[in-house]
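Encoded as C-alpha cells, the structure appears first; notes follow it.
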Amino acid sequence: GENVEQHPSTLSVQEGDSAVIKCTYSDSASNYFPWYKQELGKGPQLIIDIRSNVGEKKDQRIAVTLNKTAKHFSLHITETQPEDSAVYFCAASDPGGFKTIFGAGTRLFVKA
Amino acid sequence: EAGVVQSPRYKIIEKKQPVAFWCNPISGHNTLYWYLQNLGQGPELLIRYENEEAVDDSQLPKDRFSAERLKGVDSTLKIQPAELGDSAVYLCASSLVPSGEQYFGPGTRLTVT
C-alpha cells in the first residue's frame, strides 16, 4: 500500500537558521501533498500544501518543493523562530482525496 | 468561523468499558474523517464520511469500533469494549470536498487503564 517516509525524526536548529524536512512517497498517483504543524495538545494545523501541477510553493518563511519524478517533497522553513518549535507532518493524497497517508512526523526544536 | 469541535478533550476509562467521542465539523464541510494518532506517529485514518455515508471504513476495527454521522453533520465514534491498546489520541477532521484541505479538531486523548 501507499507509504510516506519522513526524515529526520528530530531536528534541532538555532534561531534564525533554516530547517528542511524531507518526505518520500510510494504511490505515483498521489497528487496532493499537505504539510501540518502540530503543537502539544492540539490537532494538526495545515500550514502549506502543494499539488502535482506545480514544483514549488512559497508562503512567507515557509516553502514546499515537489519532485514527482523522484517522488519526494520537502518543507523549507527560513529564519526559524522559537514559535516554529512543533511536530511537522507531511502527507500524500490520491487524486480523489480518498486516502491521505501521513508521515511519522519531525519534531523541530528551535533554540533561542 | 468556528473550527472543528471535539469532546471530550480527555477521557480515562478502565478496560472493557465503553467510550464515545463526539465531533462537530466546520459548517458546510461534507467530508468528515476520524483518525487515530498513536504517540510519536502520524494520524491514521479510521473512517471517512461523505455526508452521512461511510465511504471508507476499511481501517475501522469493526468488532469493537462503530461510528455514525446522523444528518450528515455531527459524528460519534464509539469503542466497546475498550482495550489497553486503544489508548491514543482520536482526531476528527473535515473538508469541504474529498480532495480538499483537511482541518483538524484538537483531538480526544483516551487513556485505558
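The values are calculated or read from the model by the stated rules, or taken from the named source; none is laboratory data. Note that the structure is predicted; figures quoted are calculated from it, not measured. Reconstructed Cβ throughout: ideal geometry from the backbone, glycine too, with neighbour counts over all protein chains shown. Ligands, DNA and RNA are stripped out before the accessible areas are found, and what is left, the full protein with its side chains, is counted by its heavy atoms. Shrake-Rupley method; radii C 1.70, N 1.55, O 1.52, S 1.80 Å.
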For the stretch A:66-112, give me the residue count where each residue is closer than 26 Å to B:SER94 by Cβ and among the hydrophobic types (A, V, I, L, M, F, W, C).
13
A:LYS22 - would you say it is open to solvent by 60 Å² or more (accessible area, probe 1.4 Å), modelled with pLDDT of 95 or more and not in a loop (DSSP other than H, G, I, E, B)?
yes
Restricting to the stretch B:76-104, name every residue that is facing chain A (nearest Cβ under 8 Å), small (Gly, Ala, Ser) and either more than 11 Å from the chain's Cα centre (by Cα) or assigned to a loop (DSSP other than H, G, I, E, B) (or both).
B:SER95, B:SER99, B:GLY100
Among the residues of the stretch B:46-74, the number that are touching an Asp or Glu at 6+ places or on another chain (Cβ under 7 Å), away from every other protein chain (no Cβ under 14 Å) and crowded, with 16+ Cβ neighbours inside 10 Å is 1
Restricting to the stretch A:102-112, count the residues that are within 10 Å of chain B (Cβ to nearest Cβ) and within 12 Å of A:TRP35 (Cβ to Cβ).
3
The lone condition A:THR106 fails out of (1) polar (S, T, N, Q); (2) at pLDDT 95 or above; (3) more than 30 Å from B:LEU32 (Cβ to Cβ) is (3)
Go through the stretch B:84-104 and give me each residue that's open to solvent by 40 Å² or more (accessible area, probe 1.4 Å), among the hydrophobic types (A, V, I, L, M, F, W, C) and more than 22 Å from A:PHE33 (Cβ to Cβ).
B:LEU84
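Tell me, which strands (runs of 3 or more DSSP E) wholly within the stretch A:48-101 include 2 or more residues that are within 14 Å of chain B (Cβ to nearest Cβ)? Write out each step before concluding.
Numbers: elements: A:56-59, A:62-67, A:72-77, A:86-93.
Strands (runs of 3 or more DSSP E) meeting the threshold: A:56-59, A:86-93.
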Looking at the stretch B:2-45, which of its residues are over 22 Å from A:GLY41 (Cβ atoms), over 13 Å from the mean Cα position of the chain (by Cα) and either at pLDDT below 95 or open to solvent by 80 Å² or more (accessible area, probe 1.4 Å) (or both)?
B:GLU14, B:LYS15, B:LYS16, B:GLN17, B:SER27, B:GLY28, B:HIS29, B:ASN30
Condition check for A:PHE109: open to solvent by less than 20 Å² (accessible area, probe 1.4 Å) and either assigned to a strand (DSSP E or B) or within 21 Å of B:GLY100 (Cα to Cα) (or both):
no
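Tell me the residue from A:SER28, A:SER93 that is at pLDDT below 95 and surrounded by 21 or more Cβ atoms within 10 Å (Cβ to Cβ), please. It would help to see each step written out before you state the result.
Details: A:SER28 fails: surrounded by 21 or more Cβ atoms within 10 Å (Cβ to Cβ).
It is A:SER93.
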Return the residues of the stretch A:42-70 that are at pLDDT below 95 and of a type in the set (Lys, Arg); say none if nothing qualifies.
A:LYS42, A:ARG51, A:LYS57, A:LYS68
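From the list A:GLN45, A:GLN14, which one is within 11 Å of another protein chain (Cβ to nearest Cβ), surrounded by fewer than 19 Cβ atoms within 10 Å (Cβ to Cβ) and of a type outside the set (Asp, Glu)? Give the derivation first.
Details: A:GLN14 fails: within 11 Å of another protein chain (Cβ to nearest Cβ).
Only one candidate qualifies: A:GLN45.
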